[in-house]
Amino acid sequence: MSQWVMATKVAGRELLVFLKHARPGAAKTRLVPALGAAHAAELYRTLAEAVLEATVPRPGEYERQVFYDPPEAAEAMRSWLPGMRLIRQGAGDLGARMEAAFSRSFRRGARRVALIGTDTPGLTREIVIAALDALDDVDVVLGPAEDGGYYLLALRRPHPELFAGVVWSTAAVLEGTRVRAAAAGLSVRELERRRDVDTLEDLRAEWPRLRGLLAGRPSLLEQAERALGTRGSRRPAAG
């Protein structure tokens, strides 16, 4: 656990990680028909833990803040991530909560802030650093997701206009953000396109990477292989 909770105080650069309580029936709901509620929640937990481990900053890189939802899950979150400083997400829809988190960081004196979720395999501190560094030249950095959303958003000052009126969890989120940024006269840089794991199609596409992650969770691995029709055809996991 200690590798997740390392905190490095770095003036001006912050990473905000949004995650939620991995409760069966409320996590990875589009995968429930294929995996079952308990295994879908376990998959969410596995993805989140991998992202938390991969984004631990080294000295001098950035300070990491972890925001959880829903508010009533405080005790469960502390049990899941003991020793980690957890901050409750604000009220409202996803956009309102993200805007509030960004505003909090800028009020604290941050000058470069990136926000990520925990659904994207392969999301690392190197990607976070690239986004924060890019803010030396542009106003906004986006990490496009295959589903039409984004897995990362980085800003160098508050821009509440990027969050107002967005219909979240749809294929129009990324393009809507591009349009809002252009209307505000903001320069944008986009990172490599990546895939969130929300559906069976996503699971299949990311399976070479995910199989290794699930090696320590045999029941989930077996259920995922059964859902994908790969049970009994094991191949070496990709890196």
Filtering region 114-155 down to residues that are acidic (D, E) and either under 17 Å from A50 (Cα atoms) or in contact (Cβ under 8 Å) with a residue 40 or more places away in the chain (or both) yields D119, E126, D137, D139, E146, D147
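Return yes when R211 is buried (at least 19 other Cβ atoms within 10 Å of the Cβ), assigned to a helix (DSSP H, G or I), of a type outside the set (A, V, I, L, M, F, W, C) and over 19 Å from the mean Cα position of the chain (by Cα) and no when it is not. Quick ask: steps written out before the conclusion?
Details: buried (at least 19 other Cβ atoms within 10 Å of the Cβ): yes; assigned to a helix (DSSP H, G or I): yes; of a type outside the set (A, V, I, L, M, F, W, C): yes; over 19 Å from the mean Cα position of the chain (by Cα): yes.
Considered against the rule, which asks whether it is buried (at least 19 other Cβ atoms within 10 Å of the Cβ), assigned to a helix (DSSP H, G or I), of a type outside the set (A, V, I, L, M, F, W, C) and over 19 Å from the mean Cα position of the chain (by Cα), R211 comes out as yes.
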task = Would you confirm whether any residue within region 5-24 is modelled with pLDDT of 95 or more, part of a helix (DSSP H, G or I) and either on the phi > 0 side of the Ramachandran plot or buried (at least 18 other Cβ atoms within 10 Å of the Cβ) (or both)?
result = no
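State whether one or more residues within region 164-176 are among the aromatic types (F, W, Y) and assigned to a loop (DSSP other than H, G, I, E, B).
Going residue by residue through region 164-176, those that are among the aromatic types (F, W, Y) are 168.
Subsequent filtering for residues that are assigned to a loop (DSSP other than H, G, I, E, B) retains 168.
Within region 164-176, one or more residues are among the aromatic types (F, W, Y) and assigned to a loop (DSSP other than H, G, I, E, B).
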Counting only residues in region 93-110 that are buried (at least 16 other Cβ atoms within 10 Å of the Cβ) and basic (K, R), the one nearest to V56 (Cα to Cα) is identified as R104
Checked pairs for region 170-189, first touching a residue at least 40 places away in the same chain (Cβ under 8 Å) and at negative phi, second crowded, with 18+ Cβ neighbours inside 10 Å and in a helix (DSSP H, G or I), C-beta under 6 Å and 6 or more apart or across chains, list as V188/A181; R189/A134
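Does E49 count as in a helix (DSSP H, G or I) and of a type in the set (D, E)?
Working: in a helix (DSSP H, G or I): yes; of a type in the set (D, E): yes.
Taking the combined requirement at face value, the residue satisfies it.
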Notebook entry, point to check: In this structure, is E206 surrounded by fewer than 18 Cβ atoms within 10 Å (Cβ to Cβ) and of a type in the set (D, E, K, R)?
Noted result: no
Scanning region 25-41 residue by residue, the ones that are among the small types (G, A, S) and in a helix (DSSP H, G or I) total 5
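State all residues of region 70-116 that are among the hydrophobic types (A, V, I, L, M, F, W, C), in contact with a Ser or Thr (Cβ under 8 Å, 6 or more places away or on another chain) and not in a strand (DSSP E or B); if no residue qualifies, say none. So that I can check it myself, show each step before the final result.
The initial filter retains those residues of region 70-116 that are among the hydrophobic types (A, V, I, L, M, F, W, C), namely 73-74, 76-77, 80-81, 84, 86-87, 91, 94, 96, 98, 100-102, 106, 110, 113-116.
Still in the list and also in contact with a Ser or Thr (Cβ under 8 Å, 6 or more places away or on another chain): 94, 113, 116.
The answer is L94, and nothing else.
E126 - would you say it is surrounded by fewer than 17 Cβ atoms within 10 Å (Cβ to Cβ), closer than 27 Å to R30 by Cβ and modelled with pLDDT of 95 or more? Walk me through how you get there before you give the answer.
Values: surrounded by fewer than 17 Cβ atoms within 10 Å (Cβ to Cβ): yes; closer than 27 Å to R30 by Cβ: no; modelled with pLDDT of 95 or more: yes.
No, not satisfied.
The values are calculated or read from the model by the stated rules, or taken from the named source; none is laboratory data. Because the structure is a prediction, the values reported are computed rather than measured. Glycine gets a Cβ as well: all are built from the backbone with ideal geometry, and neighbour counts include every protein chain shown.
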